[in-house]
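Beneath this line is the structure, given in structure tokens, with notes to follow.
The values are calculated or read from the model by the stated rules, or taken from the named source; none is laboratory data. Keep in mind that this is a model prediction, so the values were computed, not measured. Accessible surface areas use protein heavy atoms only, side chains included; no ligands, DNA or RNA. Shrake-Rupley method; radii C 1.70, N 1.55, O 1.52, S 1.80 Å.
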Amino acid sequence: MDLRRTFLIFVPFAWLLLLFLIPFGIVLKISLSDIALSIPPYTPQLDLSAGWSGIVEYFQALDLENYVFLTQDNLYFLAYMSSVQIAFISMVITLIVGYPIAYGMAKAPDHWRPTLMMLVILPFWTSFLIRVYAWMGILSQEGFLNQFLLWIGIIDTPLTILNTNWAVYIGIVYTYLPFMILPIYAALEKMDGSLMEAAEDLGCSQTSAFWLVTFPLSRPGVIAGCFLVFIPALGEVVIPSLLGGSQTLMIGKVLWEEFFSNRDWPVASAVAVILLLILVIPIVLFQRNEQKQREAGR
Amino acid sequence: MAQQQKKTVFEPWEDPSEKPIIRFKNVTKRFGDFTAIDNLTLDIYRREFFALLGPSGCGKTTLMRMLAGFETPTSGSILLDDKDIAAVPPNKREVNMMFQSYALFPHLTVYDNIAFGLRRSSMPKADIPGRVEQMLRLTQLTQFAKRKPHQISGGQRQRVALARSLAKAPKLLLLDEPLGALDKKLRNETQFELMDIQEKTGTTFVIVTHDQEEAMTVASRVAVMDQGRIVQVATPDRIYETPNSVYVADFIGDVNLITGKAYPGTGEQVEIHWGEAQAPIRANTSKSLAAGAEVKFAIRPEKIGIASEPPQDAANVVQGKVLDIAYLGNISTYHVELPSGDVLKAQATNSRRISRRNITWDDTVWLFWTDTAGIVLTE
Ligand SMILES: Nc1ncnc2c1ncn2[C@@H]1O[C@H](COP(=O)(O)OP(=O)(O)OP(=O)(O)O)[C@@H](O)[C@H]1O
Ligand SMILES: [Mg+2]
């Protein structure tokens with residue numbers, strides 16, 4: 001019995017250790033190193049043949065230089081802020097678009113729901129990258145959207161959407177919409193319909209019943225959805241790289257460039273560590289929300 | 001008793017000048033091809049305490065939901081104060097309902113649940129706390145005011161639901177099994193509170209209950225339902241004493257049913273021939289019956305006397321053997337097997353201690369009853 005429990009706890013811990021803590025330790029170590037023209041492109045490297053003095057030397061060579069550098073160049077601060085802003089605005093738009101969809105799904109007749117659910121998940125069946133490229137085809141100057149708008153005569157000259165922040169918002173909202181819809185739907189679907197009836201019975205109009213009963217009860221779903229959108233959107237690389245323009249500043253893109261264009265692994269690692277620290281706050285809040293919900297559910 | 005006095009005076013259904021507050025006119029409700037309410041016509045009067053009784057699934061909740069506005073009749077009409085309420089949405093009806101599932105708001109405290117309706121009403125803000133506290137006291141929930149519904153017991157939840165529906169003191173209050181989860185003592189107290197509230201506010205109550213005793217205690221009239229139809233509507237004593245059908249006789253209380261053939265005599269007298277070697281049962285009925293018509297004779301166990309000696313000058317006497325004795329504290333029920341194999345139940349009050357009682361298992365006993373003790377049923 002106890003052995004089984006230990007085992008059950010051990011599995012996720014081993015998973016976490018292997019796939020998160022060890023890689024994180026490596027990244028943290030690189031962020032404390034210096035750039036070098038070698039393979040891998042940083043020093044110091046641990047040299048065990050030198051014995052104890054080698055280890056001491058190794059640790060003495062580590063410093064916080066790269067973090068200091070991040071505060072000196074304004075670019076990084078702006079990139080972090082801009083990422084937070086883009087992720088936050090995208091999250092709000094996703095919520096505004098996603099909530100009515102989830103509500104509609106939860107209110108739909110029983111036999112419709114699996115189909116609707118399927119439609120929400122369906123985009124995941126094609127590769128994420130292909131879908132982003134498809135958006136390039138839609139949003140470009142001679143893309144479908146502009147052609148359509150020109151054809152119905154709303155505009156005379158094509159709109160520039162691709163390679164602006166607009167395209168980034170569209171891309172993020174599109175990509176992460178299911179992550180907003182599904183938790184809200186789950187919260188709304190298990191809600192007892194008689195609660196709305198009780199609210200109406202006690203004198204609420206349908207609208208006020210929604211705001212006084214339905215919405216507060218779906219709040220855990222809303223919070224979960226917001227985190228599920230905000231957290232990955234903050235570090236998003238592909239969407240800003242492909243849909244965004246030169247002025248689109250997102251930390252994921254900066255990180256990518258440091259690693260692959262500049263081959264400056266230590267600075268890139270420092271950027272990644274800071275990003276993780278920024279994410280820790282919403283992740284902890286998210287865990288709290290989940291836990292509260294679980295307790296309330298009992 | 002004063003209570004009793006009042007009840008005999010309060011009989012608006014006998015008064016042609018009295019207007020019912022609720023009228024169901026040929027109401028039918030179908031869910032798909034299932035008929036939940038079947039061509040039902042019913043009048044309920046102001047200040048009534050109207051109890052709906054019937055087996056599970058007979059349509060009691062559906063009837064209530066139509067009154068509250070959550071279901072619309074498939075055909076027929078419902079009038080509240082002479083106005084058809086089909087088009088009136090639930091929040092515009094002066095009706096409050098206590099849900100069978102309670103439907104408490106899980107995100108609100110007990111206090112806020114009770115205050116919910118008051119805050120949507122025209123009641124001045126300053127009066128709300130007083131009213132909520134009054135309701136909390138009434139339902140003995142004061143100390144749980146700050147808890148959420150998932151932090152209190154089932155019976156406490158039921159009381160919150162009751163308090164919430166009572167708080168607005170509506171014209172018509174629908175209570176769907178309001179007291180089922182309460183213990184007997186609390187239930188009795190709450191029943192009297194409900195009757196008291198009704199005296200004070202003049203609210204009309206429609207109450208669903210599975211507890212016959214409760215229906216008998218609180219109701220001005222009882223409706224017995226079966227498969228979407230109303231079988232009988234009458235005062236509790238008439239339902240009990242003169243059920244109009246075997247269904248009602250069997251549903252309310254305990255009853256002995258004897259099938260036989262009726263042979264009317266002079267006046268209201270009738271003889272019911274049954275069993276091979278049995279003397280016919282002598283009974284009274286106002287029904288006009290054809291000679292030899294198949295009837296059921298229904299008699300309550302407490303109307304049958306039991307004796308260990310053949311009784312003198314009783315209208316009906318049968319001999320039998322004690323098969324079983326069910327001891328219920330204040331009374332005992334004797335199951336007596338007749339030579340024909342039929343089993344009759346007779347009840348006697350336990351005025352003596354068990355050890356001093358003279359009838360026991362396998363004794364030969366005589367059952368007897370008067371000619372007015374039972375009733376003759378044809379349906
Ligand atoms: N929305 C619905 N759709 C289909 N059938 C329904 C619906 N609501 C009720 N019914 C059916 O109508 C019948 C009456 O239901 P109702 O809830 O009125 O019963 P009830 O008398 O309140 O029973 P109980 O004593 O168990 O609460 C039941 O057979 C039920 O299955
Ligand atoms: Mg019911």
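Remarks
- Accessible-area ranking of B:ILE197, A:ILE283, largest first, probe 1.4 Å: A:ILE283, B:ILE197
- Restricting the calculation to Cα atoms, every distinct pair contributes to the Kirkwood radius of the range A:149-298, found to be 18.8 Å.
- Amide H to amide H distances under 5 Å link B:VAL365 with B:GLY320, B:LYS321, B:VAL322, where only residues 5 or more positions off or on other chains count and H is placed in the peptide plane.
- Convex hull volume per residue for the range B:18-122, taking Cα atoms only, in Å³: 143 Å³
- Springs between Cα atoms under 10 Å define the GNM used for chain A, and in it the highest mean-square fluctuation of A:ARG288, A:ARG263, A:ARG219 occurs at A:ARG288.
- Table column - 3J(HN,Hα) (Hz), the range A:128-133, Karplus curve with 6.51, -1.76, 1.60, x for Gly and Pro: 4, 5, 5, 5, 5, 4
- Accessible area (Å², per residue) of the protein assembly as shown, counting only protein heavy atoms and a probe of 1.4 Å: 53 Å²
- Of the residues A:SER38, A:SER82, ranked by 1.4 Å probe accessible area with the largest first, the sequence reads A:SER38, A:SER82.
- If the convex hull is drawn through the Cα atoms of the range A:52-191, its volume per residue in Å³: 230 Å³
- Within straight-line cross-link reach of B:LYS148, lysines at Cα separation under 30 Å, skipping those fewer than 8 residues along the same chain: A:LYS107, A:LYS190, A:LYS292, B:LYS60, B:LYS92, B:LYS125, B:LYS168, B:LYS171, B:LYS184, B:LYS185
- The reciprocal of the average 1/r between distinct C-alpha atoms defines the Kirkwood hydrodynamic radius, which for chain A equals 22.8 Å.
- Diffusion constant of the range B:115-159 at 20 °C, which comes from Stokes-Einstein with the Kirkwood Cα-pair radius and 1.002 mPa s, µm²/s: 189 µm²/s
- Of every Cα-Cα pair in the range B:13-247, the percent that sits beyond 34 Å: 14 percent
- Percent breakdown of C-alpha pair distances by 10 Å bin, ordered from the shortest bin, for the range B:149-196: 25, 58, 17, 0
- Set of lysines with alpha-carbon distance to B:LYS287 below 23 Å, sequence-local pairs under 8 removed: B:LYS261, B:LYS296, B:LYS303
- Selected from B:ARG120, B:ARG300, B:ARG352 as most flexible by GNM, with chain B as the system and alpha-carbon contacts under 10 Å: B:ARG352
- Near B:ALA86, the amide H atoms lying under 5 Å from its own belong to B:ILE78; only residues 5 or more places off or on other chains count, and H is placed 1.01 Å from N.
- Spatial extent of the range A:1-135: Rg and Dmax, with the Cα atoms as the point set, Å: 24.5, 72
- Rounded Å value of the spacing that divides the Cα centres of the range A:1-47 and the range B:122-160: 55 Å
- Spatial separation of Cα centroids for the range A:268-298 and the range A:194-243, in angstrom: 19 Å
- For A:LEU129, B:LEU173, the ranking by accessible surface with the largest value first comes to A:LEU129, B:LEU173, using a 1.4 Å probe.
- Equivalent-ellipsoid semi-axes for the range B:260-323 (Cα gyration tensor, √(5λ), whole Å, largest first): 23, 13, 11.
- Note on the range B:254-377: Cα Rg divided by 2.2 N^0.38 Å, N the number of residues, gives 1.09.
- CD proxy at 222 nm, helix term only [per DSSP H run n ≥ 4: -39500 (n - 2.57); per residue of chain B; nearest 500]: -7000 deg cm²/dmol
- Amide H contacts of B:ALA293 (H built 1.01 Å from N, under 5 Å, at least 5 apart or other chain): B:ALA262
- Taking chain B as a Gaussian network of alpha-carbon nodes connected by springs under 10 Å, the highest mean-square fluctuation of the residues B:LYS303, B:LYS125, B:LYS19 belongs to B:LYS125.
- Å³ per residue enclosed by the Cα convex hull of the range B:94-179: 86 Å³
- Rel. contact order, % - alpha carbon contacts under 8 angstrom, at least six apart, chain B: 14 percent
- Projected area, mean over directions - the range B:18-69, Cα convex hull, nm²: 4.1 nm²
- Within the range B:13-247, percent of DSSP bridges classed antiparallel, to nearest 5: 55 percent
- Averaging 1/r over each pair of different alpha-carbon atoms in the range A:1-70 and inverting the result gives 14.6 Å, the Kirkwood hydrodynamic radius.
- Hz values of 3J(HN,Hα) by residue in the range B:363-379 - Karplus curve (6.51, -1.76, 1.60), Gly and Pro given as x: 5, 8, 9, 10, 9, 8, 8, 7, 7, 10, 6, x, 10, 9, 10, 10, 10
- Over chain A, dividing the summed -39,500 (n - 2.57) contributions of all DSSP H runs of at least 4 residues by the number of residues returns a 222 nm mean residue ellipticity of -22500 deg cm²/dmol.
- Distribution of pairwise C-alpha distances over the protein assembly as shown, 20 Å bins, in %: 13, 30, 25, 17, 10, 3, 0
- Cα centroid separation, the range A:62-88 to the range A:93-156 (Å): 34 Å
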